[in-house]
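Only one structure is covered here, and it is reproduced in the block below.
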Amino acid sequence: AQSVAQPEDQVNVAEGNPLTVKCTYSVSGNPYLFWYVQYPNRGLQFLLKYITGDNLVKGSYGFEAEFNKSQTSFHLKKPSALVSDSALYFCAVRDLDTGRRALTFGSGTRLQVQP
Amino acid sequence: DTGVSQNPRHKITKRGQNVTFRCDPISEHNRLYWYRQTLGQGPEFLTYFQNEAQLEKSRLLSDRFSAERPKGSFSTLEIQRTEQGDSAMYLCASSPSSSTDTQYFGPGTRLTVL
């Protein structure tokens with residue numbers, strides 16, 4: 001079985017400060033990891049993904065994520081937060097070794113960036 | 001707009017009625033997915049098509065739910081005899097055919113069952 005945990009329901013950060021949104025995962029095989037962002041009344045927008053290679057993955061809008069195999073984590077980061085980054089962020093995983101295509105999502109973390 | 005589209009965007013129905021949602025994937029994508037998202041939760045997988053073949057179904061997809069993709073293009077999700085617990089956002093996603101594809105999501109259909 002595959003699972004994702006996002007331990008923080010909400011993260012508050014001041015504009016211009018660095019931000020981190022945490023994610024840990026569990027899969028039997030090799031993980032295929034994603035971050036998506038959701039704005040109110042809209043679908044999910046893809047931010048970035050990790051399959052293999054460099055542990056630091058760069059994505060859209062200045063976001064990046066760090067894969068840590070030993071800690072089974074895939075934390076989302078941004079060096080300098082913007083008010084417009086305020087949204088709901090979801091981490092998702094798929095087990096590459098099972099052949100199944102279903103993504104398993106975490107429960108989401110609401111990011112609030114204060115001006 | 002060449003993204004995934006879903007219709008209707010909102011649907012209000014009474015308990016016991018049937019509803020049908022439509023999803024049009026990105027044109028070159030042959031994989032299509034349905035997810036359900038309830039308030040305060042992440043999306044939960046319902047089913048997946050490759051072309052017209054339904055290859056994965058979640059245990060969440062009860063007998064009252066049926067999904068089709070008859071020509072391998074658009075897909076429909078029907079819920080029969082709706083219940084209040086069916087109230088949720090129904091999300092459709094599509095992806096190209098590769099082992100490491102990315103799923104791109106539509107705006108969703110919000111269902112409210114009264």
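A single member of B:Glu56, B:Glu78 is touching a strand residue (DSSP E or B) at 6+ places or on another chain (Cβ under 7 Å), part of a strand (DSSP E or B), charged (D, E, K, R) and free of Cβ contacts under 8 Å to residues at least 24 places away in the same chain, and it is B:Glu56. Just the residues that are more than 9 Å from every other protein chain (Cβ to nearest Cβ), part of a strand (DSSP E or B) and either closer than 17 Å to B:Ser27 by Cβ or touching a His at 6+ places or on another chain (Cβ under 9 Å) (or both), please, taken from the stretch B:81-100. Passing the criteria: only B:Ser94.
Hey, any hits in the stretch A:29-38 for a residue that's in contact with a helix residue (DSSP H, G or I) (Cβ under 9 Å, 6 or more places away or on another chain) and under 30 Å from B:Gln54 (Cα atoms)? Yes - at least one qualifying residue is present in the stretch A:29-38. All of B:Gln103, B:Gln50, B:Gln37 fail the test of being facing chain A (nearest Cβ under 9 Å), farther than 28 Å from A:Tyr39 by Cβ and surrounded by 14 or more Cβ atoms within 10 Å (Cβ to Cβ), apart from B:Gln50. Among all residues of the stretch B:63-70, there is none that is part of a loop (DSSP other than H, G, I, E, B), within 12 Å of chain A (Cβ to nearest Cβ) and closer than 25 Å to A:Asp95 by Cβ. For the stretch B:1-31, the set of residues classified as within 14 Å of another protein chain (Cβ to nearest Cβ), part of a loop (DSSP other than H, G, I, E, B) and either surrounded by 12 or more Cβ atoms within 10 Å (Cβ to Cβ) or at pLDDT 95 or above (or both) consists of B:Gly3, B:Val4, B:Pro8, B:Arg9, B:Pro25, B:Ile26, B:His29, B:Asn30, listed by residue number. Total residues in the stretch B:47-91 satisfying the condition of being of a type in the set (Ser, Thr, Tyr) and under 16 Å from B:Gln103 (Cβ atoms): the figure is 5. Number of residues in the stretch A:55-85 that are over 19 Å from A:Val27 (Cα atoms), surrounded by fewer than 18 Cβ atoms within 10 Å (Cβ to Cβ) and without any contact (Cβ under 8 Å) to a residue 60 or more places away in the chain equals 8. Scanning the stretch A:57-115 for residues that are of a type in the set (Phe, Trp, Tyr) and within 13 Å of chain B (Cβ to nearest Cβ), we see that the one that is farthest from B:Thr100 (Cα to Cα) is A:Tyr89.
The values are calculated or read from the model by the stated rules, or taken from the named source; none is laboratory data. Given the structure is predicted, the values throughout are model-derived calculations rather than measurements. Positions of Cβ are backbone-derived with ideal geometry, glycine not excepted, and every protein chain shown enters the neighbour counts.
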